Amino acid sequence: MSQASEFVNPEIKVESEHLTQLNEQKEELLSKVQTLKGELLEWRNKLDGQVKSFRGEISDLRRTLNTEVDSLRGEFTDLKTALRHQLELTAGLASYQDGVSQHKAIVDASE
């Protein structure tokens, strides 16, 4: 019987050592997974912070852009009004000059 027990014992010892190695590897892998989960959570938090910051910046830029567009619209309206006024004055002067020329022509003809 001692031969039979010697034959079984080495197999049990090998399996036990193999199980111990597998358990150690399992613990190492679980530790790595936990570390990666922590790093992922940290990365997500940083990313969320950056997204929030960028959204704030975009919102500020949008407000600034809208203010500038409104200002440009006002300036354009003022410019349009000034040009219309100049055109009216130019048309009035041209009409006046035509009237003066016609009057001069009539006066010259009558002399």
Problem set entry | Ratio Rg/Rh [Cα only; Rh per Kirkwood] for the range 17-111 | 1.85
Exercise. Rounded if a/c is under 1.5, else prolate if a/b is larger than b/c, else oblate: which is the range 40-80, with a ≥ b ≥ c the root eigenvalues of its Cα gyration tensor?
Worked result: prolate
Problem set entry | Leu22 versus Arg44: modelled label distance in nm, points set 7 Å from Cα along the beta carbon direction | 3.2 nm
Problem set entry | Potential extension, Lys52-Val69 segment - 0.36 nm per residue separation minus Cα distance | 3.6 nm
For this session: Compute the length gained on full extension between Leu29 and Val14: take 0.36 nm times their separation in residues and subtract their Cα-Cα distance, giving the result in nm to one decimal.
Result: 3.2 nm
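All of the numbers you see were taken from the coordinates with simple rules; none came from a lab. Just so we're clear, the structure is a prediction, and the values are computed from it rather than from any experiment. We place every Cβ from the backbone using ideal geometry, glycine too, and count neighbours over all the protein chains shown.
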